[in-house]
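A quick write-up on the structure given underneath.
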Amino acid sequence: MGLHCCLGGTTFQTLKLAAIPSSSSILRPLSKTITLDHLLLPRLPSPRRRSISLLARALSAAPAIQTTPPTIPDEKVVKPQWKAAIDFKWIRDNKAAVADNIKNRKSNANLELVLELYERLLSVQKEVERLRAERNVVANKMKGKLEPSERQKLIEEGKNLKEGLVTLEEDLLNLSEELQQEAQRIPNMSHPDVPVGGENCSVLRKMIGNPREFGFPIKDHFQLGKDLDLIDFDAAAEISGSKFYYLKNEAVLLEMALVNWTISQVMRRGFTPLTTPELVRSSVVEKCGFQPRGENTQVYSIEGSDQCLIGTAEIPVGGIHMDSILAESSLPLKYVAFSHCFRTEAGAAGTATRGLYRVHQFSKVEMFILCRPEESDSYHAELIGIEEDLFSSLGFHFKTLDMASEDLGAPAYRKFDVEAWMPGLGRYGEISSASNCTDYQSRRLGIRYRPEASSTNPKKGKGNLSPTQFVHTLNATACAVPRMIICLLENYQQEDGSIVIPEPLRPFTGGLEVITPQSRYKK
């Protein structure tokens with residue numbers, strides 16, 4: 001959920017927005033370009049399952065391949081710097097299945113154009129191969145003893161073939177680049193059980209706890225934060241713009257407590273803790289399945305560079321093993337990462353986004369797993385189980401949902417969301433999600449593993465190594481701090497205006513049990 005900017009000295013870099021498809025219901029599209037000046041003003045507003053698995057692999061991408069296309073005057077299309085290993089033949093042969101998936105997800109992918117470009121590419125490739133074969137024939141003839149006139153004739157023929165090849169190879173490169181641009185928009189396939197439709201078609205998996213009953217008029221977190229001097233939106237709006245905030249006093253302790261408690265709990269499940277870079281290369285964003293270029297965006301990118309501010313730690317954690325071949329014995333790799341996050345949160349307005357619910361910058365703890373393909377479904381269940389245990393420990397009332405096809409981001413094969421009851425706002429609000437991305441991201445990031453030889457058929461020697469396979473990746477939100485604070489303030493408010501701190505967090509707040517302004521400065 002969020003976006004961050006580090007400014008050094010007196011030099012300010014211009015920020016612009018780069019396109020990224022929504023990976024959760026928290027994201028909304030933004031269609032504008034801004035500069036840092038805007039940020040500083042307060043006005044910034046079964047067989048079937050197997051076939052789907054094969055299609056998921058077909059639509060996935062391969063390790064990065066650096067290419068340097070020839071300079072073309074007045075060229076407006078940004079050339080990709082890496083190639084996706086997309087099985088275009090499979091897509092062509094399974095056109096109906098691909099088309100249905102695109103339709104069910106409300107994707108903007110243009111399948112007809114992809115297939116048209118692919119057929120043109122095949123035609124040009126065939127002609128290139130023909131001319132290369134002819135050139136080889138001419139070259140072989142030149143090796144023998146020839147009359148001067150015959151040699152000159154072959155030289156002219158070879159020159160013509162070479163010029164024809166140069167033109168065709170340039171056409172082939174341009175077609176390949178255009179095909180990549182279009183094909184990379186095709187989303188991952190969906191799990192067979194994913195409900196088809198919009199967010200309202202999502203299926204309830206589980207309801208945990210009950211809403212608290214209050215015997216007094218309740219306040220939302222916005223008012224509670226103001227009354228208890230915990231949150232300052234007005235000063236942040238003057239300094240940074242709308243949808244920024246200062247946490248103050250015990251709210252700062254709450255953020256630290258939530259982060260440290262969450263990390264300690266998840267580490268007990270075998271996860272390795274990380275802090276991540278908060279600026280990443282735009283190519284890494286692309287390889288994680290997002291598009292950091294275009295008019296609609298949720299990502300801030302740095303003008304004049306190839307770097308973006310992260311919207312989630314999923315991106316830098318996903319890239320930590322980029323272009324690697326992992327030992328099978330090292331899997332699964334489980335990470336729990338803390339980072340600040342930055343998102344444009346475009347189109348957010350009204351009471352549905354009041355206060356901390358939708359902001360441009362926030363802290364988050366993210367879980368990430370790399371595993372063998374046959375294990376990803378079970379680890380997906382493990383991730384949602386961890387989320388449910390965490391939120392139950394804090395006494396929240398919440399529900400988990402199997403999200404519908406239109407709510408899935410491009411990389412997600414299946415996604416579970418957790419929505420917690422926020423009594424002050426009078427509704428359920430999303431506080432986390434857990435996604436299984438199968439090998440969609442790992443094929444783009446180039447993260448593979450080499451299966452170990454079985455004891456019954458050991459393979460030795462470099463030439464007899466087992467072929468590599470792409471890992472599956474999964475991600476899940478363990479703690480999105482602002483929305484967790486909303487739940488804490490609104491659910492634990494008391495009639496006298498104080499806030500009770502849940503028992504699990506007290507060891508991480510120095511033993512503080514209740515937030516009340518009257519006792520704040522008393523020893």
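A few comments on the model shown:
- Inter-probe distance in nm under a simple model that places probes 7 Å from Cα toward Cβ, at GLU513 and ASN200: 4.7
- Using C-alpha pairs under 8 Å with a sequence gap of at least 6, the mean separation divided by the residue count of region 114-262 gives a relative contact order of 17 percent.
- Accessible area of TRP90 (1.4 Å probe, protein heavy atoms only, ligands and nucleic acids ignored): about 50 Å².
- Flagged links, alpha-carbon separation over 27 Å, of LYS103/LYS364; LYS219/LYS364; LYS243/LYS334; LYS206/LYS226; LYS219/LYS243; LYS334/LYS415: LYS103/LYS364; LYS243/LYS334; LYS206/LYS226
- Region 88-184, relative contact order in percent, only Cα pairs under 8 angstrom and at least six apart counted: 40
- Heavy-atom surface of region 302-383, accessible at 1.4 Å and reported per residue (Å²): 32
- With DNA, RNA and ligands ignored, accessible area of PHE508 (1.4 Å probe; Å², nearest 10): 80
- LYS226, LYS95, LYS143, LYS83, reordered so the largest accessible area comes first (probe 1.4 Å): LYS143, LYS226, LYS95, LYS83
- Descending by average beta-carbon neighbour count within 10 Å, the peptides 208-215, 267-274, 379-386 line up as 379-386, 267-274, 208-215, the highest first.
- Sites SER305 and ASN136 - FRET efficiency at Förster radius 45 Å, r taken between beta-carbons, to 0.05: 0.50
- Calculated FRET efficiency for the pair SER123/GLN152, C-beta based, R₀ 35 Å, to 0.05: 0.60
- A full extension of the chain between LYS399 and SER330 corresponds to an added length of 21.4 nm, given 0.36 nm per residue minus the alpha carbon distance.
- Accessible surface, region 88-184, averaged per residue in Å² (probe 1.4 Å): 63
- Going by accessible surface with a 1.4 Å probe and the largest first, PHE88, PHE222, PHE290 read PHE222, PHE88, PHE290.
- Site pair LYS89 and GLU170 shows an inter-label distance of 3.1 nm when each label is modelled 7 Å from Cα along Cα→Cβ.
- Here the label points at TYR246 and GLU452, each 7 Å from Cα along the C-beta direction, are separated by 5.6 nm in the simple model.
- Modelled label reach - ARG372, point 7 Å along Cα→Cβ, region 307-338 residues with backbone N closer than 11 Å: 328-332
- Gyration tensor (alpha-carbon) shape descriptor, region 213-297, a/c threshold 1.5: oblate
- Solvent-accessible area assigned to carbon and sulfur over region 88-184 amounts to 50 percent, based on a 1.4 Å probe.
The values are calculated or read from the model by the stated rules, or taken from the named source; none is laboratory data. From a predicted model like this one, the values you see are computed outputs, not experimental measurements. Counting neighbours? That spans all protein chains shown, and the Cβs are built from the backbone with ideal geometry, glycine included. Accessible surface is based on the protein model in full, side chains and every heavy atom, while ligands, DNA and RNA are left aside. Shrake-Rupley method; radii C 1.70, N 1.55, O 1.52, S 1.80 Å.
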